[in-house]
Every structure is written in C-alpha cells, then in structure tokens.
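What follows is one structure encoded as structure tokens, with my remarks underneath.
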Amino acid sequence: MNIEIKHIAKLARLRIEDEELKKFEKDMQGIVEMVENLPSDIKDEPLLDPENSMKLREDKVRENKYSRDELTKNAPHVTAGCLVVPKTVE
Amino acid sequence: MELYEKSAFELSQMIKNKQTSSVEITKSIFDRIDSVEEKVESYVTLNRDNALKKAEEVDKKLSNGDKLSPLAGIPIGIKDNISTKGLRTTCSSKMLENYVPPFNATVIENINNADMIITGKLNMDEFAMGSSTETSYFKKTKNPFDAERIPGGSSGGSAASVAAGETVVSLGSDTGGSIRQPAAYCGVVGLKPTYGRVSRFGLVAFASSLDQIGPIGRTVKDVAMLQSVISGHDRYDATSANAEIPDFLTKLKSDVKGLKIGIPKEYFGGGIDSNVKDAVFNAVKILEQNGASVKEISLPSTNYALSAYYIISSAEASSNLARYDGVKYGYRAKEFDSLIDMYEKTRSEGFGDEVKRRILLGTFVLSSGFFDAYYKKAKLVQRRVSAEFDEVFKDVDVICTPTVPSTAFKIGENIDNPLKMYATDICTVTINIAGLPAMSIPCGYDDKGLPIGLQLVGNKFCEQTLLNTANAYENIIGEFKSPLL
Amino acid sequence: MVKGYEVVIGLEVHAELNTESKIYCDCKNAFGLEVNTQVCPICMGMPGALPTLNEKVVDYAIKMGHALNCTINNVCKQDRKNYFYPDLPKAYQISQAEVPLCENGHLDILVDGEERRIGVTRIHIEEDAGKLLHSDKFDGSLVDLNRCGVPLIEIVSEPDMRSSAEAHAYLETIKSILQYLNISDCKMQEGSIRCDVNVSVHKPGESLGTRSEMKNVNSFSAAVRGIDFEVNRQIEILEAGGEVIQETRRWDDTKGESLSMRSKEDAQDYRYFPEPDLLTIVIDKERIEKLKSEIPELPNKKLVRYVKEFGLSQKDASFISEDIEKSGLFDECVKDNPKLAKSVSNWILSDVAKYCNETGKKISETKLTADKLLYIIKLIGDGKISNSAGKTIFEIIIDKDKDIDEIIKEKSLVQVSDASALEAIADEVIANNGKSVNDYKNGKTNALGYLVGQCMKASKGKANPGMMKEIILKKIDG
C-alpha cells in the first residue's frame, strides 16, 4: 500500500516538511502493513449495536453555567468576546 | 516506616484512629517529592499549596466529627489528561502547555466529594499515545526500580509516582494498556475498569470508544477503595453504564476456592520473555494450590486485535485531536499568513511525532476509498473478539496472561521504532477492544530485579472478581516492595 | 422544459428545531443573544467534554419523518463529519451518515392545480455550526459560537423537481409542515431554514446531466432565482458546446449569480465514521406510534381537500391551508356547514387576514371563534343584517368578548325585511325619482341600482337590499 503522506497530512491539517517526509513515509508504511493483518472472512453489516443503546437527555436548559471570560480565557486571541482568526473568505 | 510508604488503607485507618492527620500525610508526600522527584520526574505540575489547604480543611471536618469517605484526607495524583478546574491540564503536550480547564472531570468531582487531596498532575505520553512516557513534551519519567529505564506508558507518571512514594494512589487512563503496562513495569497494582464503568467526562479523549480512567495503587485494597470512589453512571457521559456500584473494599474476598481460571494459549507465544512466562505460570500455580481450577482456553482472534486496535484508536484520535487548531485554547503558531497556514503551523509545531503518526494513520484509514477496508473491518473484528470472550466467560471467571511480554526497557531503546513500541501492547489492547475489565498485579521480578506483571481479565462489570483474585494472591505473596531510590 | 432542456432539481433543506436546549448540551437554544454567551465546554469543544443527545430532537425529527411518509429507523446512530473551519469548534460535526433516523419518504405538492409527488431520500439530525463575523475595519474574522449545537434536521429530497416553481412549492410546503408540527420557528431572516440546491439539465430522452450543488441559499425566493440562474448558465454552456462540471457553487443573491467554490477534484473528504461518544439510538415502537398519532392533518392534504371538496381556488386554498390557525378556523366553521365554505373562505382571506396583518396578531390571540364567525355569516345569509353591518360586528368581536345580538341591538343593525315597511320606502323613492324610473323603463338598467341605493339611504342602510330590489322591480314593472 502506497500512502500519499502529503495528501493525508493536508486532510489532517499537518505540515510534513520535506526533510521529515522520508521518515514519516517509512514509519507509516510499516504501520499500515502491520494493521493490514485483518481476517478476510468478515461479513459486512451496519455498525449498529442495539443491545448497547443510550439513554437520551431531557430537553431542559441549565443557564449561566459559565461566564464568557471563563470560557475564552484559554484562547490565544480574543476581541470583544469573540475568538479571532485570520480572515476567512470562501 | 514513613507515612508516604503506607497504603491508603492503612493511612485511612490511622486517620480514623487519630494516629495521624491529612496534613501530616500530605506533608510527608511533598517531602518525599522534594527528595526524589529530581530522579523520578513523574509530575508535570505540583498542587502543593492547594493540597495543603485542602488537607487542613479535611482535618477540620474530621475534628468536627463529620462523617467522611474512607479515603478522606488521602493524597492522590492525577494523570495530566484528566481535567482539573483551575489546575493546568497539559496532556504532556506543547499544544496544551498553558491550558487551564474551566471545569472538572466527573472523576475529579468524585475525588473532591470524597475529600481526597490532589498532589498534582502526572506525566504521560503526549495525549496518552505511547508505551514509555517518552513522548511527553516536558520530561522523561524514570522507572523507580531502575532510573535508566522507562516507567511504561502512557500513564508512566501515575505508576512511577505511586511506586516511588510520591503520592499514595493515582488515576491513570487506559486505552490499550496505559494503566496496566506501567503498573506492571513499576511493580504496582493497576485496574482498567469495564468500558462505561467510570465516566469519561473531562478525560481528554484519545480514543473515545476505548478510553477508561482507572486507579493505580501499591495494594489491591487501595485500588478497590479508589475504584468505588470513581465508579458510577454520569448523565454527562452517554457511554457511561447504569450498573450497580458495589463497595469493592467491603466485598473483598481473600480466597480463590472454586475460582475458574482460563489460560489463553495465544498469550504465551514466542514473543513472551521466559522470565515473564515463568512468573505468570508460577502465579497461576499458586492460585491453583489455593483452590482455583485452571484450564487452557483459546481466543483465536487475538492475532487480529493489535491491527484492529491501532486502526480504531488512531481513527478516533485523528478526529478527537482535530480540535487543537489554535482558535479556542492551546498553542497557536506565532506567524502565519492565512487561516490554513495558521492551522498547519499550529498543529505541526504543537504536536510531537508520535501524535502526528497516529493522526496520519487515523486520517488514512478513514479517508475516502479506505474506510471499508480498514476502519469498518476493524470494527467488525472488534465484534468477533468480543464474541469470543463472551463464549470463554461461560466457562471461566478470570483469564490470566502476562501484562507485558517483557520487563521495562531502557530509555531511548524503542523510541525510533514505533512498531517495536506498539508490539509491547500485544497483551493489553485486546481487552480494550472487548471493553472488559482487567488488572495488572506484581507477580515477581526478572533476573535484573525488574517487576513483572500478571494480567487478570474478567467479564464485563466483574471488577469484584478481579479484585478478589488479586487480593487473595497478594495475601499469599505479600504486598508491594519499595524500590531503593 | 426550458429552451428544449429538461431540468432536474434536488433540495437539501436544513431546519433549526425549536427545542429549549441545544442538541448535545443543556445550553439555551436561542437566537440573537450577545456573542459567546450561550456556550459551555461541550458546545465549545473543550478537551474532555462529551455530548449527550436531546430526546426532543429525536422526537421532532420522527414527527417530520411521519409527516413526510418516511420509514422511521428505530435503531440508528450518529456519525462524525470531519472538516476544519473556525465556526466548528470540535473540527467535526455530529450528524448521521450510514443510518439516518428517517428515510424513503415522499411529499405531495400542488403545482398549477396538479398534484406532484416528490421523493424524500432521508431526514437526519445534526448540530449547527457557529457564525463568523467580518468587518472591513478589522483584519481578521470574529468567531461567535452561540449557534454551535443548535439542533438541525436535514431533509434531503430525491432529484424529482422539474422547475423552479416546483422547487418553490416544495419548499413552501416543507415550511408550512414544520410550522404545523411546531418543531421549527422557520424564521428565514434568522436563518432557521436554509437550503442547498442541486441542479442539472439534459435534453429529453438523454441521460441526466452533470449536476452542480449550490450552497448559501437563504430564502425561498433566492432558491428560485438561484435555480433559474443555474439552469440558464448550464444551458448556455451546453449550447456553446461546453461541458458542465461537477462542482460546488455559492449563490450570491445580491449579485444574482453563483460562483464556483470548489470542483469535484477538491471535494472535501469528510471521513465520516460512527460517533464513538454516543451509543446506538434505539426508540421504542410505541413512542414512534405515539408521535405519529400527534400529527395533525397536514397543509398539503388540506390544500387538496379544500380545492376538491369545497371548490376553492388553489390560491385561496393554499393561503388558508399553509397557516395552521387559519385552516383550523376554516375547518371548524365548515365542519357542519360545508355549504358555507365559500363565505368562510372569503371572510378568512379578507377581514381575518387583514386584521392579523395589521395587528401582527395570530388568530389565537384574538377573541374570534368559529361560532361567532359562523353566526355573523348566518345572520347575513338570513337577511337579518347587512353585509356592512356584519363587518361592523366583526370589527368589534375580534377584539372584545361581546355578545353579537347585543351589538346588533345597541347599534340597531337589524335589517328591515318587513315587506310593508319596505314598500313604503319604495313608494316614496319612486315618487321622488320620476326621471330614474323613466330611464329604467327606457332600457337604462343601471337606473335600478340607483333607485335601490336611494332606498337604502332612506332606510339608513337597514333595508334588506335583495328584498328592496324585488319590491322596486315589482312596482315599476308591475
């Protein structure tokens, strides 16, 4: 299996510099070969597990749990209560 | 014997009998940290002032005659991927170097309600990815039995601190062996509970469907006590189970009469060190001599579990770690010329190589055209693995295997060889894939004096059976032996 | 058909649900509040925070599934859709991919008097993203996460629509159903319903053309404009010998054009996989049946019924049926009086609609009841009061709890239908308007209207105009 590390890295928003590329390619090659050890006689079916279902939450509001400052204090750049990112244009 | 060497169970009795106080115990722990932390390096962040303040409060409550939990006033260390409000939670990553959570994990709320004393945050492999704690951005924790060796991982700090007397008990997290493997390497007791037994709310996710928080201690009783504190349904974790929570300590038995032990042949193959094999067989023999019956069993899909584990855990990790993008919290690159440039630089500078490898693997196995062949197949293999265990547990109560194929390796020995590093998880990952509870307890030492771990695996929500078995064994061979530091 | 091409349209409608709390956390589901104040560690995607699914979201989606004749998958799950954007704090949206909550449904719509059945591929539940704010004065974009985790249903249609008019009818019908079920506020200006449009064109008899997907369509009229633009753009390309490429386009409604966002080659790879923080959703069958029993008769069904049973025009029928209160009033009035359907419809379309528009009130917020409206209509029909007296009464009772008979007495609105009294008036008017009488006799028929008008005036509006007319005719012709 040939893995396009650059393409995968782009999907994951990682940048692999050229000098690291070889090493990552080699590592990934080995890892992917390892994980390819899977049985061939597996029947395909939806990934549902009805025996193990979850309880749903009641539709109830809990207000004023956190202040805005508490929640944004870890952010690298905040202005007027908003998180700031480089300009986005679609 | 110093206070820091005593078990939580003993200290709890002493507090009850007014032979000591929480402040004295806490001071003893911090004195110990001051004298050995330089050698062990198990902590990322110490919580000294708050711990002493809390100890004083607990002592006051005790002198008021308040009825407190059995673990009230007992020091505990917390793996640094469990959110602690107001106390930095780094996951040993540059990415979260300065991240201070605005909320507590549910287990931290439980620990606070039990009036335990948090000593600090313990070192780990970055985002719990690793088997040696060497991928930590901050420091390399040493094995207290041999400072040239790794303590195991990813909860290396949690195991090493307990073994070194730098805390009394600790919390770790286990995705593929991250509690049991370091417990084995550091000669302490570690329990990975059944998936869903302990709330994951506030545990920084690595692989959501496999992660479980669990206790590490020097004795089985300590682990039992701590497990009672952290167990239970949490309405904030949809995957947490609504199972009955026994008081593990009071129900603790000390004999194994009638216990049916299974020995899976797939776990004793060529990769297992002969010292380890001998110690595990010896432990099984001791249990047998004390009334347990032993039979060989087979878990044929074990062979595929490592693949399934690395596919599922990496896939989930690639998604769980996508949120570290320099926008809401954590590291942000200093210079960038666009949004995408900011994302890529932030993530490339903020994550270490092992984390990047897992993200790349996970992204690959989920990517268009590969999903069915890797991720979906791995999930279907997971069902097969679970079904095999279900079948086996119709006949046996406990499965005994080695925790790790060998004893602790040297720092740097495997760091450039991810495959060799991953292979050390071979005995533990299958248990996470099946969602079962499992313990590692010390069962002897190799020819270099390094601890060997016996893994006990139980059926879902049968932690009590594991604790009973471990307790009986511990009663026979004696409790934890301190390393010389 | 447009310029010899068949048009194929499929729609994906996103509707925000009006639950109290968000889909995965207990933050308030509210619009227009101060930035980043309706958030918590869960909807902000803090490390370690976990989602829990709001049961109302599941109920509402099932109701919509019933309304659109879907199969309800009582065992289903949620999946993660992975992509990076600053308004998506976890860098994945929790949605449904492999097994949606509802699928294989259909919706009947009425277009130009003809019923059309549009297939509904699926309805699934998911979370909304936050908002990015831009300002020319500021070098950067600002992120407000209040909308993160607002519950959405996505309704995906089959490519069954053949014109922008059909698409418009489909969207309007979806909207009125959402309102009937009271599961969405449907406030277009707040973005609570949005849609993505898939369009392709092909020559009759040929296979389907390459489609383009248009995003950012924020109103139904914009959808119509966008579709018409896209159809023409594609036809122009084909007519010029070119090829339509599969791509995602963005509709700019102010400029009235769509622009390419990304082609198929750069298509995002969302890497869907089952959401491991949530377990399988299992809904018991009784709950699904109970939700079905709560579904009222839906506007598209009412529309057809009003046209077929009562002979209303499609325009009038759709005006009444699209609003649950107007149709409720209509249905209650005509239930035992099917012959009055036309009059009832006229009253709702004119006086009731006018009052609601002017005051901004809903019918339920007025004092109007079906009984009162029927009583007014019957009084007029029986000749007890005049039409204008009816309107006078209506204007009073819509605001006040007043007895109609009392109003009639107080304002002496009783219509004079006593023949001898009317004859006296007629005699007087004929005597005083000899010229008009002669005009009429000489064939100027509109002189009759003048004479009746004079009688009405003389009676201060109380004369029964029908009887008045007959009496005058009898007297002049006689």
Practice problem: Along Cα→Cβ, 7 Å out, is where each label goes; now give me the distance between the ones at C:K411 and B:A373 in nm to one decimal. | Solution: 8.2
Quiz item: Among A:K10/B:K328; A:K10/C:K81; B:K39/B:K79; A:K10/B:K376; B:K221/B:K410, which pairs are too far apart, with a Cα-Cα distance over 27 Å?
Solution: B:K221/B:K410
Quiz prompt | Cα convex hull of the protein assembly as shown - mean projected area over all directions, nm² | solution = 55.5
Quiz prompt | Where labels lie 7 Å past Cα in the beta-carbon direction, separation of C:E423 and C:K339 in nm | solution = 2.9
Exercise. Could you give me the radius of gyration and the Dmax of the range B:361-485, taking only the C-alpha atoms into account and expressing both in angstrom?
Key: 17.9, 55
Quiz item: Measuring from label point to label point, each 7 Å out along Cα→Cβ, what is the B:S482 to C:D477 span in nm?
Solution: 12.5
Exercise. Please sort by residue number the trypsin sites (Lys or Arg not before Pro) in the range B:411-482 whose DSSP state is loop and whose Cβ has at most 13 other Cβ atoms within 10 Å.
Key: B:K448, B:K481
Exercise. Taking a cut-off of 19 Å between Cα atoms, list the aspartates and glutamates near C:K335, but don't count ones fewer than 8 places away on the same chain.
Key: C:E297, C:E309, C:D316, C:E322, C:D323, C:E325, C:D371
Quiz item: Taking one equal scatterer on every alpha-carbon of the range A:12-90, how large is log10 of I(q)/I(0) by Debye at q = 0.20 1/Å?
Solution: -0.98
Self-check item: Whole-number percent relative contact order across the range C:361-431, with pairs defined as alpha carbons under 8 Å at least 6 apart
Solution: 31
Quiz item: Between the range B:248-286 and the range B:314-331, what is the C-alpha centre distance in whole Å?
Solution: 39
Quiz item: Hey, fewest Cβ within 10 Å first, where do C:T173, B:T250, B:T465 land in order?
Solution: B:T250, B:T465, C:T173
Practice problem: Report the antiparallel proportion of the DSSP beta bridges in the protein assembly as shown as a percent, rounded to a multiple of 5. | Solution: 80
Quiz prompt | Per-residue mean of C-beta atoms belonging to partner chains within 10 Å, peptide C:131-143 | solution = 4
Quiz item: Hey, got a sec? Which trypsin sites (Lys or Arg not before Pro) in the range B:223-295 land in a DSSP loop and have at most 12 other Cβ atoms within 10 Å?
Solution: B:K251, B:K257
Quiz prompt | A:N52/C:L259 FRET efficiency (R0 56 Å; Cβ-Cβ; nearest 0.05) | solution = 0.75
Exercise. Over 20 Å between C-alpha atoms is what I'm after, so list which of C:K354/C:K457; C:K63/C:K131; C:K28/C:K56; C:K292/C:K361; C:K354/C:K462 land there.
Key: C:K354/C:K457; C:K63/C:K131; C:K292/C:K361; C:K354/C:K462
Quiz item: Between the range C:166-193 and the range B:165-240, what's the alpha-carbon centroid distance in Å?
Solution: 49
Quiz item: Counting only residues 5 or more places away or on other chains, whose amide H sits under 5 Å from the amide H of C:H106 once H atoms are built in the peptide plane?
Solution: C:N69, C:C70, C:V120
Quiz prompt | Table column - 3J(HN,Hα) (Hz), the range B:164-171, Karplus curve with 6.51, -1.76, 1.60, x for Gly and Pro | solution = 8, x, 7, 7, 8, 9, 8, 10
Quiz item: How would you rank B:167-176, C:47-56, C:362-371, highest first, on the average number of other Cβ atoms within 10 Å across their residues?
Solution: B:167-176, C:47-56, C:362-371
Exercise. Convert each backbone phi in the range B:369-374 into a coupling constant with the Karplus relation 6.51 cos²θ - 1.76 cosθ + 1.60 (shift: θ = phi - 60°), then list the ³J(HN,Hα) values in order as whole Hz, x for Gly and Pro.
Key: x, 10, 3, 5, 6, 10
Quiz item: What are the ³J(HN,Hα) values, in whole Hz, obtained from phi via the Karplus relation 6.51 cos²θ - 1.76 cosθ + 1.60 with θ = phi - 60°, for each residue of the range C:459-475 in sequence order, with x given for Gly and Pro?
Solution: 8, 6, x, 8, 5, 6, x, x, 5, 4, 4, 4, 4, 4, 4, 4, 5
Quiz prompt | For the protein assembly as shown, calculated [θ]222 nm from helices alone, where every DSSP H run of n ≥ 4 adds -39500 (n - 2.57) | solution = -11500 deg cm²/dmol
Exercise. Starting from the coordinates of the alpha-carbon atoms of the range C:389-478, obtain the Kirkwood hydrodynamic radius over all distinct pairs and give the value in Å to one decimal.
Key: 14.3
Exercise. Send over the per residue convex hull volume for chain C, Cα only, as a whole number of Å³.
Key: 233
Quiz item: Computed over the Cα atoms of the range C:297-410, what is the ratio Rg over Rh, Rh following Kirkwood?
Solution: 0.96
Practice problem: Report P(r) for the range A:25-69: all Cα-Cα distances, bin width 10 Å, range 0 to the bin holding the largest distance, values in whole percent. | Solution: 15, 18, 20, 18, 24, 4
Practice problem: Classify the range B:1-60 as rounded, prolate or oblate from the Cα gyration tensor: take a ≥ b ≥ c as the square roots of its eigenvalues, call it rounded if a/c is under 1.5, otherwise prolate when a/b beats b/c and oblate if not. | Solution: oblate
Quiz item: Relative to the longest principal Cα axis of chain C, at what angle does helix C:446-458 sit, 0 to 90 degrees, rounded to 10?
Solution: 80
Practice problem: Report the relative contact order of the range C:419-477, percent, no decimals, based on alpha-carbon pairs under 8 angstrom and at least 6 residues apart. | Solution: 38
Quiz prompt | Sparse-neighbourhood loop sites, GluC sites (Glu not before Pro) in the range C:205-291 - DSSP loop, at most 10 other Cβ within 10 angstrom | solution = C:E206, C:E243
Quiz item: Which residues' amide hydrogens lie under 5 Å from the amide hydrogen of B:D80, considering only partners 5 or more residues apart or on another chain, with H built in the peptide plane?
Solution: B:L122
Practice problem: State the Cα centre-to-centre distance between the range C:1-76 and the range B:63-91 in whole Å. | Solution: 39
Quiz prompt | Sorted largest first, extent of chain B alpha carbons per principal axis (Å) | solution = 65, 53, 45
Practice problem: Towards the positive end of the charge dipole of the protein assembly as shown, with charges on Cβ (+1 Lys, Arg; -1 Asp, Glu), say which of C:Y270, B:L46, B:L299 has the farthest Cα. | Solution: B:L46
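We did not get these values from a lab; they are worked out from the coordinates using the rules stated. The structure displayed is predicted, hence computed values, not measured ones. Backbone-built Cβ (ideal geometry, glycine too); neighbour counts: all protein chains shown.
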